[in-house]
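Engineer: Here it is, the structure, as structure tokens.
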There are 2 protein chains.
Amino acid sequence: MNTSTAILQVAMILIAARVFGELASYLHIPAVIGEIFAGVILGPSLIGYIQPEGLIQVLAEIGIILLLFQVGLETDIGELARSGYKSTIVAIGGFVLPFVACFALSRYAFGLDLLVSLMAAGTMTATSIGITMRTLTDLGRAQSREGRIVLGAAVLDDILGVLLLAILYDFMSSGSIDIAGAWRILLFMLAFFLVAPTVAKSISHVIRSREQNSDIPGMVPTTIVSMVLFLAWLSHELGIPELLGGFATGLALSRRFFLPFGVALQAQPEFSNRVQEQMKPIIQLFTPIFFATVGLSLDLSSLDWSSPFFWIFSTSMAVVAIATKIAGAFGLRESLARRAIVGMSMVPRGEVGLVFAELGRQTGLFDPQTFAAMVIVIAYSTIFTPVWLRHFYRRFGHLLEE
Amino acid sequence: MNTSTAILQVAMILIAARVFGELASYLHIPAVIGEIFAGVILGPSLIGYIQPEGLIQVLAEIGIILLLFQVGLETDIGELARSGYKSTIVAIGGFVLPFVACFALSRYAFGLDLLVSLMAAGTMTATSIGITMRTLTDLGRAQSREGRIVLGAAVLDDILGVLLLAILYDFMSSGSIDIAGAWRILLFMLAFFLVAPTVAKSISHVIRSREQNSDIPGMVPTTIVSMVLFLAWLSHELGIPELLGGFATGLALSRRFFLPFGVALQAQPEFSNRVQEQMKPIIQLFTPIFFATVGLSLDLSSLDWSSPFFWIFSTSMAVVAIATKIAGAFGLRESLARRAIVGMSMVPRGEVGLVFAELGRQTGLFDPQTFAAMVIVIAYSTIFTPVWLRHFYRRFGHLLEE
């Protein structure tokens, strides 16, 4: 593909995501659905003009990393810590319940193989931080009490999902479960979340002091973006999802960041504001590319729409996966409305689910029908959750006033 | 190459360009040289970690398109039109003189083939708008009288260069010169520069009115970037360099834009300001990637440094190419200092020169030594001009007060 075509594709994705986002917004549907739909139209499902690969995939990955950077930037780490206990309950509930129920369904109701069932259950576990947080942001609820619980739970969920994936992957290749390997990954994650924000915070002090002496414009965009991308790469190297690197960097640069053990790096609220202001257009530019790419990846044309197995399996999987994710939040000691909204926010599966499904397909574990069913359940949970959430907020939002 | 590696490469380019840019600035060398040098280090010349291809090339292309967009955005079209006559003189002088002199040198002093000589002469004709305008911007002289003359001349020069390339390319493949084809390309360019800004201006009115009703953030970055990229693609399709599409869009959105024939679209200074403010971080993010990629493309390790032909040919070419470019500005009726500075500003060859050289190499017209000589002359003119300009301004800048 030559440079000129690539440039046209980027332009097409941006404009289609904007047009369908506006259209969705006009129809009172969250904009993110419109952006995903733009990808469905441009991608293999319909026109087949753009494939979710190469340049587009890298830009999309940068988009999700930057979105999580923004989520981190706007996070009040004290509040997150205070909701940590609740988030942990939701994360474990929303991880264990779907995993057990979906495994049982695949293994005993549909008689799938052990490994296939484990993989299918794994596909249904991890909540999509990106879609959930974008929806809550669009609704103006990202920084609400339930928003913080969901964010914490989704982050933990992603970590659990990736841990599970690593274990299953090991299981598939070696035939045995490697507990030591799983512990190693968990340890890396903990270390990363202690070290990365500290490093990012220190670097940001250097950036800030250099910025005042620099004659060359553009210090903030270039250095912040490269730091975010570098930590994202590093997290990937450590076996942690890249987007968590973006999140950790954002946390470090947020207005209310403090370091553990009271390390003396003062807050820089005025620098945080400048970072936020200059990064905003860049984040807004890249984020829609990610959501359109989710749409590109949902190849609806590859599905065999006439297979009864496909319909029964995917419908029952969807019901179980959605019901158990919502049920996972009912261990909380909160009002019914808030438990319901937290549970619903946890429903969308996205990136990590697609990674599971894709790996299942590549290893031959999922036959085309099973793969299709997985994709359709992910699509369903991804596409409709924002609609429910919006309706629920409109109807019961008054019950959630703090 | 996987996504994670690509992300690391982007991060490395951004950080290296910034570090060497700052270093150059510290040494009182223009920052753009530092950014090119960062590319030389990361690229095949030295470490060989990043190749100027694929993702990086697309990002670089977006960078130069956006830089030209910014140049257009800051251009006062009335002033440009008033300097049009002077720019034309400089462009023609700076095109014809190097072409004739370099052709004569290659053909009669070094006895190269007719086509090789034509191609070598062509390589030496087109001024690099990007490097010139970036240098003048760094020096705060982009909007000065000489800055406008140089911009107009560089744009015309690029057009003439591309026209020449199209003719030579035709000549190489058919063995005859196709005058009709050359006229067609010229016509496309004229039509594009009349139509593109008008279209862009009309679209910007739509964007502005939609922006006020939209609930989704990020209207300006996504729509403006996609419009710029789309017009860049369109210009490429018409056989015009992509970066001119960016320039035309920038012109249309500039504060002082007016349409020919007095078409009634009011100026939108407040919208122009918002566009400029929100686009700035995006432009600042992408531009260094372009300059670093120029450095990546200068593969100094492929040169045979011991060949006498290489040294004599490249040195005499460099002297002739630089002297004739400066001489091209002496047809102006301006002070000696201003004529000198305009001439010196026209010296850097860049993108278009590299396209000529690359095409010569691919068609087998340039043997490795000739190709290397071309690259080294381009590198020399590119790398040292900003240094001369800066010194000249420091020494004689007081003679240029308007």
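Quick note: the coordinates plus some simple rules give every number you see, no bench work behind them. Source: prediction; values computed, not measured. Methodologically, a virtual Cβ is constructed for each residue, glycine included, from the backbone with ideal geometry; neighbour enumeration extends over all protein chains shown.
Engineer: What shape does the protein assembly as shown take by its C-alpha gyration tensor, where a ≥ b ≥ c are the square roots of the eigenvalues and a/c under 1.5 counts as rounded, a/b above b/c as prolate, and the rest as oblate?
Structural biologist: Numbers: a/c = 2.02, a/b = 1.92, b/c = 1.06.
The shape class here is prolate.
Engineer: Please state the relative contact order of region B:47-124 as a whole percent: Cα pairs under 8 Å, 6+ residues apart? Mind dumping the intermediate values first?
Structural biologist: Working: 23 pairs, mean separation 16.5, N = 78.
Result for region B:47-124 is 21 percent.
Engineer: What do you get for trypsin sites (Lys or Arg not before Pro) in region B:266-338 restricted to DSSP loop and a cutoff of at most 16 other Cβ within 10 Å of the site's Cβ?
Structural biologist: Working: sites: B:R274, B:K325, B:R333, B:R338; in loops: B:R333.
Passing sites in region B:266-338 are B:R333.
Engineer: Less than 17 Å apart at the alpha-carbon level, and either on another chain or at least 8 residues along: which lysines does that give for A:K325?
Structural biologist: Candidates past the 8-residue exclusion: A:K86.
Engineer: Could you give each residue of region B:381-397 its phi-based ³J(HN,Hα) in whole Hz, using Karplus coefficients 6.51, -1.76, 1.60 with θ = phi - 60°, and x for Gly or Pro?
Structural biologist: Once rounded to whole Hz, the list reads 5, 6, 7, 8, 3, x, 5, 4, 4, 5, 5, 4, 4, 5, 7, 10, x.
Engineer: Top mean-square fluctuation among A:V228, A:V96, A:V206, Gaussian network model of chain A, C-alpha springs under 10 Å?
Structural biologist: Among A:V228, A:V96, A:V206, the largest GNM mean-square fluctuation belongs to A:V206.
Engineer: Also, I was wondering about something else. Helix B:114-123: angle to the longest alpha-carbon principal axis of chain B, degrees 0 to 90, nearest 10?
Structural biologist: 40 degrees
Engineer: Follow-up question, since we're still on this one. Once the convex hull of the C-alpha atoms of region B:282-341 is built, how many Å³ does it hold per residue, rounded to a whole number? Don't skip to the answer; put the middle values down first.
Structural biologist: On the way: hull volume 7.4 nm³, N = 60.
Cα convex hull per residue, to the nearest whole number: 123 Å³.
Engineer: Please get the size of the charge dipole for region A:1-137, origin at its Cα centre, with Cβ charges of +1 on Lys and Arg and -1 on Asp and Glu, quoted in debye to the nearest 20.
Structural biologist: The calculation lands at about 240 debye.
Engineer: Could you list A:I7, A:I149 in order of exposure, starting from the residue whose Cβ has the fewest other Cβ atoms within 10 Å? Spell out each step's value before the answer.
Structural biologist: Working: A:I7 23, A:I149 30.
The fewest-first ordering by Cβ neighbours comes to A:I7, A:I149.
Engineer: For chain B, what does the relative contact order come out to in percent, with C-alpha contacts under 8 Å and a separation of six or more? Could you put the intermediate results ahead of the total?
Structural biologist: Details: 621 pairs, mean separation 119.8, N = 402.
Relative contact order of chain B: 30 percent.
Engineer: Charges at C-beta only: +1 for Lys and Arg, -1 for Asp and Glu. How large is the resulting dipole of the protein assembly as shown about its Cα centre, in Debye rounded to 20? Display every interim value, and only then the final one.
Structural biologist: Details: 50 positive and 56 negative charges, 365 e Å.
Dipole size: approximately 1760 debye.
Engineer: Further question on the same structure: I'd like the orientation of helix B:31-42 relative to chain B: the angle between its Cα long axis and the longest Cα principal axis, in ° from 0 to 90, rounded to 10.
Structural biologist: Long axis of B:31-42 versus the principal axis of chain B: about 60 degrees.
Engineer: Could you list A:R349, A:R208, B:R339 so that the one with the fewest beta carbons within 10 Å of its beta carbon is first and the one with the most is last?
Structural biologist: Details: A:R349 30, A:R208 18, B:R339 21.
The fewest-first ordering by Cβ neighbours comes to A:R208, B:R339, A:R349.
Engineer: Name the residue from B:I129, B:A142, B:L112 whose Cα lies farthest towards the positive end of the charge dipole of region B:106-154, charges +1 on Cβ of Lys and Arg and -1 on Cβ of Asp and Glu.
Structural biologist: Working it through, the farthest residue towards the positive pole turns out to be B:A142.
Engineer: Arranged by the count of other C-beta atoms within 10 angstrom, fewest first, what order do B:E237, B:E242 take? It would help to have the intermediate numbers written out before the result.
Structural biologist: Working: B:E237 13, B:E242 24.
With the sparsest Cβ surroundings first, the list reads B:E237, B:E242.
Engineer: Any chance you could list the semi-axes, whole Å, largest first, of the equivalent ellipsoid that the Cα gyration tensor gives for region B:271-402, using √(5λ)? Intermediate values should be presented prior to the final figure.
Structural biologist: Values: eigenvalues 186, 115, 32 Å².
Result for region B:271-402: semi-axes of 30, 24, 13 Å.
Engineer: Let me ask something additional. Could you compute Rg(Cα) / (2.2 N^0.38 Å) for chain B, with N its residue count? Walk me through the numbers before you get to the answer.
Structural biologist: Values: Rg = 20.8 Å, N = 402, 2.2 N^0.38 = 21.5 Å.
Rounded to two decimals, the normalised Rg is 0.97.
Engineer: Got a sec? Charge dipole of region A:3-400, +1 on Cβ for Lys and Arg, -1 for Asp and Glu; which of A:V355, A:A373, A:L194 is way out at the positive end?
Structural biologist: In region A:3-400, that residue is A:L194.
Engineer: Determine the dipole magnitude for region A:3-400: charges of +1 sit on the beta-carbon of Lys and Arg, -1 on that of Asp and Glu, nothing else is charged, the reference point is the Cα centre, and the result goes in debye to the nearest 20. Numbers along the way, then the final one.
Structural biologist: Values: 25 positive and 26 negative charges, 267 e Å.
The calculation lands at about 1280 debye.
Engineer: Using the alpha-carbon atoms, what tilt in degrees (0 to 90, nearest 10) does helix A:351-362 show relative to the longest principal axis of chain A?
Structural biologist: 50 degrees
Engineer: In addition: Taking a label point 7 Å out from Cα toward Cβ, give me the nm distances from A:T315 to the same spot in the other copies, shortest first, one decimal.
Structural biologist: Its label point is 8.5 nm from the equivalent points in the other copies.
Engineer: Which of the trypsin sites (Lys or Arg not before Pro) across region B:36-137 are loop residues per DSSP, with 16 or fewer other Cβ within 10 Å? Walk me through the intermediate numbers first.
Structural biologist: Values: sites: B:R82, B:K86, B:R107, B:R134; in loops: none.
The qualifying sites: there are none.
Engineer: Then there is this: When we measure straight from the Cα of A:K280, which lysines land under 20 angstrom away, once same-chain ones fewer than 8 places off are left out?
Structural biologist: Partners found: A:K201, B:K280.
Engineer: Select from A:Q70, A:Q57, A:Q212 the residue whose mean-square fluctuation is largest in a Gaussian network model of chain A (Cα-Cα springs shorter than 10 Å).
Structural biologist: Judging by the Gaussian network model, the answer is A:Q212.
Engineer: Quick one: among A:G239, A:G140, A:G353, which has the greatest mean-square fluctuation in a GNM of chain A with alpha-carbon springs under 10 angstrom?
Structural biologist: A:G140
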